[in-house]
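Engineer: I'd like to ask you about the structure that follows.
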């Protein structure tokens, strides 16, 4: 399954029916952002995010860890990470907030998602082995705290195995296979419904995902558990990772690239799995290029999305140039449908 980011309860520029028409069967929403706006009181009044969005597919809540990492490490905002949780500052008055593993789980239950993800701690790709080891220790510690709070919430809400959400933990360890294996083993001892890979596994020089490391991490996860490829990837990467045993993929690429005028196409219809993992199967249309001004053809002649059935590259080029919001919708519809077609091919040729 590929699930796009619907960070604040919406895939940017699309209605819920739009992305259902793209055959999207799930999405990822953001724990911290939804806690802030519209707030848990509002979501409770709707009985959770799915009635609020009018969506009946799978909803995953992230832990909030990436946003905190971005605030403190990437955006250089004041804050600190401790074994109890994360302290970070926001607003003009630099008001301190503490976000704990327990609060992450409580918030995700209030959002009422189908899959909750434990709060994890991850490091910069250039972190030392000592820093990565500390990240693993904290991730395991937080995972235990999340699991305990998860059980408390199940009892409080009288949920059983049929009605409860699934809970996933995240395997950290950077580029070090031994540390990845250590983290996976310690998390398996706690026990979760599934496991994702954490951190950043893109080579800074080549900007390519380390697929061999992802294959190794997949092998650390038992076959009867969900393998969640958090934050990936490009179409060919998804095809390769699905073959490795990964089940769920979420990524901002297709929606973000649509907004940035890059549209995904199959250069040819895949006939087998060899085609799916062949880089030449995939290409892009940079729709703002001058050569498309008078182009009367759709983005892709073999695509069945609403955009390709109704509009030309010339018209999309025009919408993009004038900055009309309808371009964002039409481009996003196409890219998401390309991804769901990819998943359909993966399922067909995996049999």
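Engineer: Scan 210, 275 and give me the residue that is in the same structural domain as residue 125 (by TED's automatic domain parsing) and either surrounded by fewer than 21 Cβ atoms within 10 Å (Cβ to Cβ) or at pLDDT below 95 (or both).
Structural biologist: Details: 275 fails: in the same structural domain as residue 125 (by TED's automatic domain parsing).
Step by step, each of 210, 275 is checked, and only 210 is in the same structural domain as residue 125 (by TED's automatic domain parsing) and either surrounded by fewer than 21 Cβ atoms within 10 Å (Cβ to Cβ) or at pLDDT below 95 (or both).
Engineer: Look at segment 33-67 and say how many of its residues are surrounded by 19 or more Cβ atoms within 10 Å (Cβ to Cβ), closer than 25 Å to residue 247 by Cβ and at pLDDT 95 or above.
Structural biologist: Matching residues across segment 33-67 total 7.
Engineer: If a residue has to be out of contact with any strand residue (DSSP E or B) (no Cβ under 9 Å at 6 or more places or on another chain) and either closer than 23 Å to residue 59 by Cα or not in a loop (DSSP other than H, G, I, E, B) (or both) to count, how many in segment 257-272 make the cut?
Structural biologist: 1
Engineer: Could you list, in sequence order, the residues of segment 99-134 that are under 22 Å from the mean Cα position of the chain (by Cα), over 19 Å from residue 186 (Cα atoms) and part of a loop (DSSP other than H, G, I, E, B)?
Structural biologist: Scanning segment 99-134 gives 100, 112, 113, 114, 124, 125.
Engineer: Please list, ordered by first then second residue, the pairs with beta carbon atoms under 9 Å, 6 or more apart or interchain, first in segment 75-87 and more than 20 Å from residue 134 (Cα to Cα), second at pLDDT 70 or above and surrounded by 11 or more Cβ atoms within 10 Å (Cβ to Cβ).
Structural biologist: Short answer, once both residue conditions are applied: 78/87.
Engineer: Being in a helix (DSSP H, G or I), touching a helix residue (DSSP H, G or I) at 6+ places or on another chain (Cβ under 9 Å) and under 21 Å from residue 34 (Cβ atoms): is that true of residue 148 here?
Structural biologist: Judged against the criteria, residue 148 is not a match.
Engineer: Kindly list the number of the only condition in (1) closer than 30 Å to residue 126 by Cβ; (2) modelled with pLDDT under 75; (3) not in a helix (DSSP H, G or I) that fails for residue 70.
Structural biologist: (3)
Engineer: So, one more: Which number in (1) over 15 Å from the mean Cα position of the chain (by Cα); (2) in contact (Cβ under 8 Å) with a residue 60 or more places away in the chain; (3) within 30 Å of residue 112 (Cα to Cα) marks the one condition that residue 185 misses?
Structural biologist: (2)
The values are calculated or read from the model by the stated rules, or taken from the named source; none is laboratory data. Owing to the predicted nature of the structure, the values given are computational and were not obtained by experimental measurement. Cβ sites come from the backbone with ideal geometry, for glycine too, and all protein chains shown count toward neighbours.
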